[in-house]
Amino acid sequence: MAEGESSVGEVRIKPDRLHAFTMAICRADGSTDEEARLVADHLVLANLFGHDSHGVGMIPHYIQNTATGACVRNHHAKISRDNGAVIVIDGGAGYGQVVAKEAMDIGIERASKHGVCVVGLTNSHHIGRIGHWGEQCARAGMVSTHWVNVHGHKSLVAPFGGAEPRFTTNPYCTAVPRKGKEPIVLDFATSQVAMGKVRVANNKKVQMEDGLLIDAKGHPTTDPGVMYNAPYGAILPFGLHKGGGLAVICDLLAGALTGGRTHSPRTIKKDSTDIINNMLSIIIDPRSMGGTEVFEDEVETFITWVKSARPQPGVDEVLAPGEPERMRRADREKNGVPIDGTTWQQLLDVARKVRLNDTEIPQMAAA
Ligand code: NAD
């Protein structure tokens with residue numbers, strides 16, 4: 001069996017059916033239509049972009065958290081500190097797909113007025129794929145950069161040189177709009193691999209690549225099970241001391257600077273399923289800097305120049321950040337979204353748990 005190939009089978013679901021199924025689960029769990037739609041939009045888009053770790057496979061976790069109150073349904077963002085171009089927004093553990101959208105709406109409006117807005121979003125339930133928020137800003141013509149930390153659950157990622165975890169997968173994103181084209185979106189976890197990808201590998205019962213994980217003694221391993229069975233191992237930070245350093249900066253900017261709190265013994269809940277994200281976003285209106293015309297022209301000139309590099313042997317094309325996701329989307333729109341068997345079963349189980357009509361489940365699930 002090839003690496004990454006599922007040993008538990010997979011189903012392929014058309015995106016619109018997956019969206020309807022996800023929305024129906026959230027609605028049956030008590031979310032308003034609008035909340036259910038925002039959650040489904042976000043998760044299905046993550047699947048379409050190929051980031052299955054942040055796709056509909058998160059739903060069982062979300063529904064578990066709404067039951068405990070770790071994720072608060074139908075909650076909205078509230079400004080907790082307002083200095084005009086610098087604002088702090090309390091997510092109140094509401095669905096990240098709702099409160100982060102609302103935080104970005106406010107940030108975009110303020111950036112249009114002041115030229116820039118620095119937004120601290122604190123105490124939000126999981127905000128998913130951070131590129132989603134960069135894309136929201138880019139659609140409004142804004143450049144944005146986002147630094148995110150996570151607390152509420154145990155540590156997952158070892159610091160550079162460490163044999164035990166001290167923080168989590170702390171993602172970073174910058175999105176740059178383009179005239180008449182899709183934006184440049186650089187969006188990644190500062191760990192070698194997102195935790196959701198370890199979950200997907202563990203669900204699929206496949207080994208991971210070398211260089212991503214260490215076991216409890218700090219030795220390299222390819223077994224995703226080290227993150228699920230004691231004694232626990234850790235995920236390594238990406239990019240050696242440079243990526244390890246960025247991961248630390250994410251916690252300092254998103255957790256300390258915003259007041260949302262860092263990942264530390266004060267916020268770690270060892271056996272908890274909570275996922276709280278804090279995010280520092282800097283949203284900049286290009287009109288307030290070099291001017292829109294210069295900006296748009298320079299972005300196109302530079303990206304064309306970068307992409308004109310002769311590809312290395314075995315590489316088809318030099319891609320700009322964001323392009324791989326759009327290529328995967330084109331394929332998945334056409335051929336359906338692959339969902340591994342374990343994740344699919346978890347979705348069916350959660351649909352029953354929220355008492356989604358028994359006749360509705362197979363009908364909605366049919367690809
Ligand atoms: P990844 O390693 O797949 O990197 C993705 C980034 O690299 C994208 O910007 C992509 O366009 C770019 N890229 C990939 N291949 C490229 C190529 N050949 N040429 C040019 N650019 C290329 O991403 P990841 O680290 O696995 O993260 C996956 C997702 O998980 C992200 O959306 C991230 O925001 C999300 N995440 C969220 C949380 C959270 O707490 N909410 C935590 C961790 C990760």
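The values are calculated or read from the model by the stated rules, or taken from the named source; none is laboratory data. Bear in mind that the values here come from a model prediction, so they are computed numbers and not experimental data. Positions of Cβ are backbone-derived with ideal geometry, glycine not excepted, and every protein chain shown enters the neighbour counts. What goes into the accessible areas is simple: the full protein's heavy atoms, side chains included, and nothing from ligands, DNA or RNA. Shrake-Rupley method; radii C 1.70, N 1.55, O 1.52, S 1.80 Å.
Evaluate the distance, in nm, between pseudo-label points positioned 7 Å from the Cα of T273 and of R352 along their respective Cα→Cβ axes.
1.6 nm
Looking at the chain as a GNM with Cα springs under 10 Å, which of T122, T304, T32 has the largest mean-square fluctuation?
In this elastic network of the chain, the residue with the biggest mean-square fluctuation among T122, T304, T32 is T304.
Cα centroids of region 54-119 and region 138-165: how far apart, whole angstrom?
Taking the Cα centre of each part, region 54-119 and region 138-165 sit 16 Å apart.
Rounded to the nearest 10 Å², what accessible area does R287 have for a 1.4 Å probe in the complete protein model?
150 Å²
With the crude spin-label approximation of a point 7 Å out along Cα→Cβ, what separation in nm comes out for R326 versus R178?
Those two pseudo-labels are separated by 0.5 nm.
Just how many % of Cα pairs in the chain lie over 37 Å apart, if you round to the nearest whole percent?
Pairs farther apart than 37 Å: 18 percent.
By the gyration tensor of its Cα atoms, with a ≥ b ≥ c the square roots of the eigenvalues, what is the shape of region 151-226: rounded for a/c under 1.5, prolate for a/b over b/c, or oblate?
prolate
Rounded to two decimals, what is the ratio between the C-alpha radius of gyration of region 280-333 and 2.2 N^0.38 Å?
For region 280-333, the normalised Cα radius of gyration is 1.52.
What distance in nm separates the two pseudo spin-label positions at E164 and R12, each 7 Å out from Cα along the beta-carbon direction?
4.7 nm
In region 70-139, what % of DSSP beta bridges are antiparallel (nearest 5)?
40 percent
Which of G152, M279, G180 sits closest to the plus end of the dipole of the chain, meaning its Cα is farthest towards the positive end, when Lys and Arg get +1 and Asp and Glu get -1 on the C-beta?
The residue sitting farthest along the positive end of the dipole is G152.
Quick check: convex hull over the Cα atoms of region 218-367, volume per residue in Å³, rounded to an integer?
270 Å³
Residue by residue, what Karplus-based ³J(HN,Hα) values in Hz, rounded to whole numbers, does region 294-311 have, using 6.51, -1.76 and 1.60 with θ = phi - 60° and x for Gly and Pro?
Whole-Hz 3J(HN,Hα) from phi for region 294-311: 4, 4, 4, 5, 5, 4, 5, 4, 5, 5, 4, 4, 4, 6, 7, 4, 4, x.
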